[in-house]
Structures are given as C-alpha cells and as structure tokens.
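Just below is one structure, and these are the notes that go with it.
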Amino acid sequence: LYSKIFGFLNLTLVPRGTWDPTLITVMVGGLLVSFLSYQCVDGFNLFNKNSNALQCPLSQKSTIGRFNIPMNKAVDLKLVLGEAT
C-alpha cells in the first residue's frame, strides 16, 4: 500500500528514483513557524534581546498564565522510551 508517508520514510526508494521528498516542505514549514514563534517568547530568542518579548500567551493575563516551556535538557531512558517504561 503506497502512500505519501510511506514514500517519504522508505529510503530504499532513493536508488530507484521513486523516493517522495514532498513532506520535507511540510516539516520545514513547521520548523520555520516554531522558530519564528519562539523569537517572541522572553528568554528564548536567538538573535538580540527583544524588548517586546511576551511573558505569557496573548489570550491570558500575565498574573494568571505563563508560558510552560520545559527547561530539563537531560535525555534519560524515561524520556526516550516514553510510555513503554
């Protein structure tokens, strides 16, 4: 059963010239939106300090809601296996 996802994930199709790279555009689009969005969050911008950076989502007041971004950078077995452990 051939599908777009199978055609993208099956790298054995590359030598035959039938590999379908069109899903790369979807992934790049998602990464671009995510990267640009993080530039508006206080403390997560890469370039220069943004004086207009957001402390909380636009739909909430700063006293009620804040961005919930994980700060743990450790990659352990529980993170890798997820629900399997």
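The values are calculated or read from the model by the stated rules, or taken from the named source; none is laboratory data. Bear in mind that the values here come from a model prediction, so they are computed numbers and not experimental data. Ideal geometry is used to build each Cβ from the backbone, glycine not excepted, and the neighbour counts take in all protein chains shown. For accessibility, only protein heavy atoms count, side chains too; no ligands or nucleic acids. Shrake-Rupley method; radii C 1.70, N 1.55, O 1.52, S 1.80 Å.
Against the test of being free of Cβ contacts under 8 Å to residues at least 24 places away in the same chain, out of contact with any strand residue (DSSP E or B) (no Cβ under 7 Å at 6 or more places or on another chain) and either surrounded by 11 or more Cβ atoms within 10 Å (Cβ to Cβ) or outside any helix (DSSP H, G or I) (or both), the options Ile64, Ile24 yield a single qualifying residue, Ile64. Considered as a group, the residues in the stretch 27-40 that are assigned to a helix (DSSP H, G or I) and not hydrophobic (A, V, I, L, M, F, W, C) include one that is farthest from Asn68 (Cα to Cα), and that residue is Gly29. Checking the structure you have, find out if any residue of the stretch 36-46 is surrounded by 10 or more Cβ atoms within 10 Å (Cβ to Cβ) and of a type in the set (Ser, Thr, Tyr). For the stretch 36-46, residues surrounded by 10 or more Cβ atoms within 10 Å (Cβ to Cβ) and of a type in the set (Ser, Thr, Tyr): present. Looking only at residues that are open to solvent by less than 100 Å² (accessible area, probe 1.4 Å) and over 20 Å from Ser37 (Cα atoms) in the stretch 67-76, which one is nearest to the chain's Cα centre (by Cα)? Step by step, filter the stretch 67-76, then rank; the result is Ala74. Being among the hydrophobic types (A, V, I, L, M, F, W, C), in contact with a Phe, Trp or Tyr (Cβ under 7 Å, 6 or more places away or on another chain) and surrounded by 10 or more Cβ atoms within 10 Å (Cβ to Cβ) is not true of Phe6. Pairs are defined by a Cβ separation below 6 Å, a sequence spacing of at least 6 or placement on different chains, a first member in the stretch 41-59 that is within 17 Å of Met71 (Cβ to Cβ) and modelled with pLDDT of 75 or more, and a second member that is surrounded by 10 or more Cβ atoms within 10 Å (Cβ to Cβ) and among the basic types (Lys, Arg); the pairs so defined are Cys56/Arg66.
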